[in-house]
1. Quick one: if the Förster radius is 35 Å, what FRET efficiency do B:Ala215 and B:Ile477 give, using the C-beta to C-beta distance and rounding to 0.05?
2. Give me the percent of the accessible area of the stretch B:35-513 that comes from carbon and sulfur atoms, probe 1.4 Å, all protein chains in place.
3. In peptide B:284-294, how many Cβ atoms from other protein chains are near each Cβ within 10 Å, on average?
4. Taking 7 Å along the Cα-to-C-beta vector as the label spot, tell me the B:Val69-B:Leu426 distance in nanometres, rounded to one decimal.
5. How many angstrom lie between the Cα centre of the stretch B:233-267 and the Cα centre of the stretch B:281-339?
6. Show B:Trp432, B:Trp147 ordered by accessible area, largest first, where the area counts protein heavy atoms only and the probe is 1.4 Å.
7. Would you list B:Ile208, B:Ile275 from the most to the least accessible area, probe 1.4 Å?
8. Using a 1.4 angstrom probe on the protein heavy atoms only, could you order B:Lys336, B:Lys282 from most to least accessible area?
Amino acid sequence: MAERRGSHWQAARAVFWSFFGVRKKSHYEQDAGRLSPAQVIVAGLVAAALLVLILLGIVWLVAG
Amino acid sequence: MAHDATHAHDAIPAHDGHGQPGGIMRWLTTTNHKDIGSLYLWFAGTMFLVAGSFALVIRAELFQPGLQVVHPDFFNQMTTLHGLIMVFGVIMPAWAGFANWQIPLMIGAPDMAFPRMNNWGFWLLPVAGFLLLLGLFMPGGAAAGGWTMYPPLFVQGGISYDLTIFAIHILGASSIMGSINIITTVLNMRAPGMTLMKMPLFVWTWLITAYLLIATVPVLAGAVTMLLTDRHFDTHFFNPAGGGDPVMFQHIFWFFGHPEVYILILPAFGVVSQIIPTFARKPLFGYASMVYATASIAILSFIVWAHHMFTVGMPAAAQLFFMYSTMLIAVPTGVKVFNWVATMWKGSMTFETPMLFAIAFVCLFTIGGFSGLVCAMTPVDIQIHDTYYVVAHFHYVLVSGALFAIIAGVYYWLPKWTGHMYDEKLGKLHFWLSVISMNVTFFPMHFLGLAGMPRRYADYALQFAEFNMIASIGAFIFGFSQLIFLAVIIKAIRGGRKASDQVWEGAQGLEWTVPSPAPYHTFETAPVVK
Ligand code: HEM
Ligand SMILES: [Cu+2]
């Protein structure tokens, strides 16, 4: 899948790493070349929603 | 054309041909990004002296226990105006000034995308500043309900509360216009070859900041509009007697407020990320990581707001959620600190004034980040909320964070703006006095807070006397040291050693390819970036 134009999966991985704040240079260059801004923004919003759900899940485990 | 007329006042080149007015009309009608940048910076500097002197009133009253200097109600007006003006009248306009001066120079654009809106965006600010200060002369004095504008105080207060609400609306309109301008400029006016991922980090951080502003300022405007209608039009948004809820204001305010603190700090991250590579003579470590971390801080900043409200009453599950999400923000922030340190690692560093302030930023902002994590732990925060511990936290991130970055940026670009090197001796004196007195002022506040001293009171119990006296002495030294800064700036405007185009040996970027001082019009033909 390396040559394909940025898949959802690649956008998801880029966003995951961005939440952590780190990205390997070669991977970042692939991101920059293949992903469109719209793709990244949508992936970012989806990931933020997921993060909220995960946190709620943890809260539920701890306090539920 | 390299070094012709240089003084800010006579810098309009004759070749302009479209008969620009001189004198005051030049500044009222200007659409030039450099003029408008200077206006923003002078406005911020002036308001800094105003809000700074309010802080000195506060510290004079708190020098000793008991009431000596001002009436307690006036004390509350001072804390309120100090906070509001420092946030909306100093830090934000200063960043807008940097954006105006630097973004076109850094991306190779001839000006901002909407020059007339740019003018209007600036000239709204003095109006808002005037309204805020006008309150001091109104019956009952200025607004005294705190910079957070919580009801019921902000519903009950007199005419100056209306002035404050109006001022916030105007400031918000100005911020929105500024943001639209910056986003449009950055997305559409970059020189050929200047891809997004080649942009200097300062431009990146401002682009993300501009989106944060567009997303949050309307929320603040909504909150204060609800205050206004509660005050005058018989709504009961925040009035329990009418079915409303004052806690709702806090949720709305902090949904704006927490992203707002990142609005204040992200451009600071950008400036520091420009300065450290220059004086370490190495490229920024982890450029892409920095962009990613900035973006993720921006997103995360929207899901942490209730960490300001742990004591108002919330279900345990909500407390846990906001505690976890807040602590997560420390991860990308930590990545940034790591990258700055790694940039300096094994660099050939020199310590000119901008670099000194940038290094102080990295060290002291980190202290503020850590005390933020302490506040983020719900059970701890229930003890220290509304104490001086919180005051210590946010002054470490705002004074040694945002403000130090602004000062660092002024020293860094002043030679490009004025064409003269600033006085390095005075700059170093300014640095050492500022960094020492800043810590003398704010570090003891951690102890005061842990010992239980509440914030926003004109008086305190005897056991807090020593640390308060130390803090007040530090504050006066800090305040007066800033006059050195003013002197350095004026001195550099009026003359001094000629700055080269490059200015700093290790500096990279388009702004260093134009003459010093930067001519009135730059990049009329776009440069090509390889
Ligand atoms: C590591 C990142 C940070 C964390 C975890 C954090 C956490 C917190 C928490 C939990 C509070 C509430 C304390 C209380 O009222 O009891 C707080 C207050 C505050 N923080 Fe931070 N913070 C961080 C960074 C920043 C930054 C970067 C700024 C600004 C540049 C900032 C500015 C403020 C301000 C102004 C307040 C007080 C607001 C008020 O009540 O008047 N913080 N912070
Ligand atoms: Cu916050």
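1. Numbers: r = 39 Å, r/R0 = 1.12.
That pair, B:Ala215 with B:Ile477, gives E of 0.35.
2. Details: 12280 of 16820 Å².
About 73 percent, which is the carbon plus sulfur part of the accessible surface.
3. Working: counts 0, 0, 6, 3, 12, 9, 2, 5, 11, 7, 2.
Per residue, the average neighbour count from other chains is 5.
4. Simple spin-label model gives 2.7 nm for this pair.
5. 21 Å
6. Details: B:Trp432 135, B:Trp147 45 Å².
Sorted descending by solvent-accessible area, the residues read B:Trp432, B:Trp147.
7. On the way: B:Ile208 20, B:Ile275 0 Å².
Of B:Ile208, B:Ile275, the descending order of accessible area is B:Ile208, B:Ile275.
8. Numbers: B:Lys336 0, B:Lys282 60 Å².
Largest to smallest exposure gives the sequence B:Lys282, B:Lys336.
The values are calculated or read from the model by the stated rules, or taken from the named source; none is laboratory data. Every value quoted in this text rests on a predicted model; they were computed, and no experiment measured them. Please note: Cβ atoms are built from the backbone with ideal geometry, for glycine as well, and neighbour counts cover all protein chains shown. Accessible surface areas use protein heavy atoms only, side chains included; no ligands, DNA or RNA. Shrake-Rupley method; radii C 1.70, N 1.55, O 1.52, S 1.80 Å.
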